[in-house]
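Notes follow the structure.
A short reminder: the numbers here are calculations on the coordinates, not readings from a lab. What you see is a predicted model; the values in this text were computed from it and never measured. Cβ atoms come from the backbone with ideal geometry, glycine included; neighbour counts cover every protein chain shown.
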Amino acid sequence: MLACHSVRNPARTVWAAVLCTAAVVCVAMLGTTASLSTGGYNSVGTESAHADGLLRKFRGADPGLVLRVRSQDSVDSARACSDGAALARRVAAQPGVAAVEAYWTSRSPALRANDGRSALIGVALEGDEAAQARAASRLVPRVTGRQGALRVSAGGRVWAGIQAAEQGERDLVRAELVVAPVVFGCLVFAFGSLLAALFPLLVGALAVAGSWAFLRLLGGVTEVSAISLNIAATLGFGLAVDYALLVVTRFREEGARGLAVPDAAVRAARTAGRSVLVSAGVVALAFSALWVFPFPWLRSMAMAGIAVVLLAATATVVLVPALLAMLGSRIRHRRAASSPAWRRLVLWVTGSPWLWGACCAVLMAALVWPFGQAQWGFTDERALPAGSQARQFTERLRTDFPAQPDRDLIVVLTPVPGDREVDQYARRISALPGVVQVTAPTGRYHDRRRTAVVEAVSDSATAVWLKASTGLDPQSAAAARLVERVRELPPPGPRWVGGSPARHVDAKAALADRVPWAVLLMSATTLAALLLYTRSVLIPLKAVALAALSLTASLGSMVYIFQEGHLRWLVGDFTTTGFLDMTIPPLLCAIAFALSLDYEVFLLARVKEHYDAGGDHRDAIVEGIARTGRLITVAAVVFAVSMAGLAEGPGRRCPARTSRPRRWRSWSMPRWCAASWCRPSCS
């Protein structure tokens, strides 16, 4: 319906698309990046998240920003004390600052360097991660550098995240300057025409502009990661190439058969356009599985992926037929002669399916094997270049200070218990291994002894919090055991444990709990979609199984390269942390799974078309792959280049796994199931 209308009124359709693009570009430009978040990596709905919410409510958040203050002489000198106290007051007066803990006001030994010439100021910032990042961006330039007799540098979780985002933006710009001309060259080669190569660029521009406008508007309602704009741009242009290439290729085939330009455009939209819509649905379902993870960052990726794929598919089935109706006579038609090379390869493989299936199984097993040694964690300052200020700052804290403020374990008690109960509870926590000291409203504690009386760490009448200072790496096993021990201690009332170590423990547990649900959702919805499309039971099962095997092999390769540090000469130098970032594989799996089924749909459409036309089971496979092998390979190469290392295009299929089953098992439903559908199985 839409294709026929756009072909009958091509100029009107193109102008409508241009106006829509201009409108959404204006919306995207009017939207401010301040509505987008640079964070979203902390899990929601966990105990640590609840503790962080209570801390923000009662203005007692943990220090996400740390200032290292260096003095020419001792930090206990009169001048250093005067300038340090003045600096602390100045920081506390800045907008967005919830609380400040400085060595010169608290006299905490954990904030004084081992050499006595440096001290720390812990700055707790108001709001969520996005608000904290904005506050830190305003604050740091004002208070760093030379401050009287002191020299101040900044670090901590929030500042490291800001520097990582800025470094990522610089790397992205450099990559795009190299990737853009390469992608355009691939497009010209793939489409065989400079004019036709502009089609996916128009589709991609419309899809990306629309998704950007949607994400910016959505950022005013909920937390949306700024990285989702990059993902939307990459996916939008990559999918535009896939979809436009499929429609243009079919248009050329129909034109070579003698159809007039408008009829060829309608025929291409009805056949290839149906595959595009099914593929878009499958990709959107794959991205929807990211929504089950309790991380705003991953949910942003889900929204970006769903929005851009639906817009790309809509633009393809509406705009491309109209462009073909207007300009199709200038695009050289090609006969649908199958690729001789692909035909020989498929005949060779399907002639000995068990042999080639076994060879593929051995290769995949070798790639999957390293996945058994996978270790999981979260990206920290080690992801930054060795010369970055945030990384050097953190490494200096580890060696010069007994504990770091941004690694504190914070226990929130509400309602407020009595001083005696708080005193006994703080003493028990201070005796746990790994705890340097505990700061509570009743004093400062070390190894069950109260070493000092301090100013109240809480000015709330309904909640108090205790800070357990520790020098442990928040991602280490020792820090995880400390969190478990604190949570096992009998509290004097309702309590919530937060802070950086607890956030890491809860995030790992939340991811592990949601992975089975994400896999179930992705598999079930994909099986249902392919079942409706192919009218087959076995083909969807094989498609999902092959996609899952490819994903596991990709994860095994990630372990071998990025966790164990192999092949640096090929992928570039990087710091080996001994683990993979837990939030990255769900996103990469969604992208790879979606692309795998995207190309599967393109292939199955052709195979099913030849089979329904009366072809033999094996002949249909050979003919389908021979006609689509080049198209899928070129689309995968273009997409892989445009992704610039974010994901590899898993467009290779295994004919041996398709040729072996009996005919009715592969391409038909059982009678009891097929009775529910009366429409033809494929156009």
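Here are the numbers:
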read-out	value
Charged-residue dipole, Cβ positions (Lys, Arg, Asp, Glu), the stretch 391-502 about Cα centre, Debye nearest 20	260
Pairwise label distance in nanometres, Ala256 with Leu570, each label 7 Å out on the Cα-Cβ vector	3.5
Residue (of Ala135, Phe189, Ile227) at the positive-pole extreme of the stretch 129-268, dipole from beta-carbon charges	Ala135
Full-extension gain in nm, Ala548 to Ala165, via 0.36 nm per residue minus C-alpha separation	134.8 nm
Label-to-label distance, nm, for residues given as Ala180 and Trp369 (7 Å Cα→Cβ offset)	4.4
Whole-number percent relative contact order across the stretch 52-161, with pairs defined as alpha carbons under 8 Å at least 6 apart	39
Net lengthening on full extension, Phe579/Arg151 (0.36 nm per residue, minus Cα-Cα)	150.6 nm
Estimated distance in nm for a label pair at Asp513 and Ser352, the labels positioned 7 Å out from Cα along Cα-to-Cβ	5.2
Exposure proxy ranking, count of Cβ atoms within 10 Å, fewest first, for Phe401, Phe579, Phe574	Phe574, Phe579, Phe401
Cα centroid separation, the stretch 127-146 to the stretch 482-512 (Å)	28
Least to most buried among Asp513, Asp52 (fewest other Cβ within 10 Å first)	Asp513, Asp52
Fully extended contour minus Cα-Cα distance, from Arg270 to His50, at 0.36 nm per residue	74.0 nm
Near-label residues of the stretch 403-425 by backbone N, under 13 Å of a point 7 Å along Cα→Cβ of Ala431	424-425
Magnitude of the charge dipole, the stretch 52-161, Cβ model with Lys/Arg +1 and Asp/Glu -1, debye to 20	300
Length-normalised contact order for the stretch 490-646 - Cα pairs under 8 Å, 6+ apart - percent	16
